[in-house]
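To start, the structure itself, in structure tokens.
The values are calculated or read from the model by the stated rules, or taken from the named source; none is laboratory data. Please read all numbers here as calculations on a predicted model, not as lab measurements. Neighbour counts run over all protein chains shown; Cβ positions are idealised from the backbone, glycine included. Ligands, DNA and RNA are excluded from the accessible area calculation, which covers all protein heavy atoms including side chains. Shrake-Rupley method; radii C 1.70, N 1.55, O 1.52, S 1.80 Å.
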Amino acid sequence: MKTQALQVELADRSYPIHFESPREVLARQIGHLRDAGHGLAAIVDQGLLEAQPTLLADLGLQPEECLALPAGEPTKATEPFSRSLSFLADRALNRDSVLFALGGGVIGDLAGFVAASYLRGISFHQVPTTLLAMVDSSVGGKTGINLPEGKNLVGAFWQPEAVYIDTTILQTLPAREFAAGMAEVIKYGLLADAELFNELERLDTLHSGSPELAQMIRRCCAIKARVVAEDEKETAASGGRALLNLGHTFAHAIENVAGYGDYLHGEAVAIGLHLAAILSVELGHIKAREISRISDLLQRYELPVRLKQNLPVEDLMEAMRRDKKNRSGQLRFVTLQKIGQAVTSDGIDPTQITRIWEEASAKA
Ligand code: GLY
């Protein structure tokens, strides 16, 4: 079946997400850029290079053009950021140069921010190689790094030139990473596509070779492309792009307090989705039985729905106060109106959130 590229519609910064023969399209693109005299560089997941040693050659990239970095969350930090900038400067790349991000969410976010910053901005292409990056982080132009004070506190909106999604690359993805990506797939069902959520419930547990996977990824990308086209910089007074952060206010606090790398981002999101469902029930939006539908589906992928170990609630609350979604000093959450529809909820009483954290911790 021919799968057309999806377009992210952003006027003169619109770009395609390639699903059809993405590896060939990318190799051709690299060849064209090289022939036209553009300097090339890539920031690459080190683990991916070990798992797929012919990948760079297949794409026509030279080893000296590539900076390999570990995929874990500690790579989204100031030292790897400055090392990456120096890598580009040492290679004397100029404003015509093009950077490729080959990896998961961490590599994509870092490389995107490097592209946004180097010489005040150069072109970059996203080549997501994890499920999480394919369905979420490679699309939409959010780039950045973490600070010890909080997740994604430094960054830029910087759209890629194109995204290339090749599901065959997932064959060497560790099972834990695949499951973490499924948390984001489930998130898309919850926030915008009840039929996707129902289908995930009906289907056997998906894996990297599941025939349904490519269509699921495309569906998530279609939702993301639509939401980003409507609210690129997350400035909508309510709803908008912030809805893509369902579960993320809790998740970012967990990652910050547990220490980056203890939980995979998708694992923290899984807990966050569960806690967002509890909050949605408390606000009277959804029925209590929906919580177990959500947690059952997450647990089917062996994702956590509670904290692995107790974390200080005051620290979690403090991390939430630094969340970028907050407005006028008030906590803002994304909650569910029903499965398949999310809304932003402002002015949530902090004591309610404290209690939810206490519940999440006590059962750990
Ligand atoms: N991952 C949420 C967003 O891109 O807005």
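At a glance:
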item	result
Matching residues in segment 192-218 - criterion: being open to solvent by 10 Å² or more (accessible area, probe 1.4 Å), within 17 Å of the chain's Cα centre (by Cα) and within 16 Å of the ligand (Cβ to nearest atom)	Ala192
Residue that is farthest from Ile217 (Cα to Cα) [pool: residues in segment 1-32 that are in contact (Cβ under 8 Å) with a residue 60 or more places away in the chain and assigned to a helix (DSSP H, G or I)]	Ile30
Matching option when the condition is assigned to a helix (DSSP H, G or I), open to solvent by less than 30 Å² (accessible area, probe 1.4 Å) and more than 29 Å from Ile223 (Cβ to Cβ), among Pro80, Pro74	Pro80
Members of segment 109-157 found to be in a loop (DSSP other than H, G, I, E, B), away from the ligand (no atom under 15 Å from the Cβ) and modelled with pLDDT of 95 or more, listed by number	Gly121, Ile122, Thr129
Extreme residue, farthest from Gly150 (Cα to Cα), among residues of segment 220-271 that are among the acidic types (Asp, Glu), surrounded by fewer than 24 Cβ atoms within 10 Å (Cβ to Cβ) and within 15 Å of the ligand (Cβ to nearest atom)	Glu230
Listing of helices (runs of 4 or more DSSP H) fully contained in segment 248-364 that carry 1 or more residues being touching a residue at least 24 places away in the same chain (Cβ under 8 Å) and of a type in the set (Ser, Thr, Tyr)	248-258, 265-282, 350-362
Every residue from segment 121-151 that is over 26 Å from Arg95 (Cβ atoms) and among the polar types (S, T, N, Q)	Thr129, Thr130, Asn146
Pair list, Cβ < 6 Å and 6+ apart or interchain, from segment 138-156 residues that are under 15 Å from Gly261 (Cβ atoms) and in contact (Cβ under 8 Å) with a residue 24 or more places away in the chain to residues that are acidic (Asp, Glu) and open to solvent by less than 40 Å² (accessible area, probe 1.4 Å)	Lys151/Glu255
Some residue of segment 159-166 being open to solvent by less than 10 Å² (accessible area, probe 1.4 Å), of a type in the set (Val, Ile, Thr), touching a Pro at 6+ places or on another chain (Cβ under 8 Å) and away from the ligand (no atom under 14 Å from the Cβ)	yes
Residue identified as hydrophobic (A, V, I, L, M, F, W, C), open to solvent by less than 30 Å² (accessible area, probe 1.4 Å) and closer than 15 Å to His18 by Cα among Val114, Val135, Val106	Val135
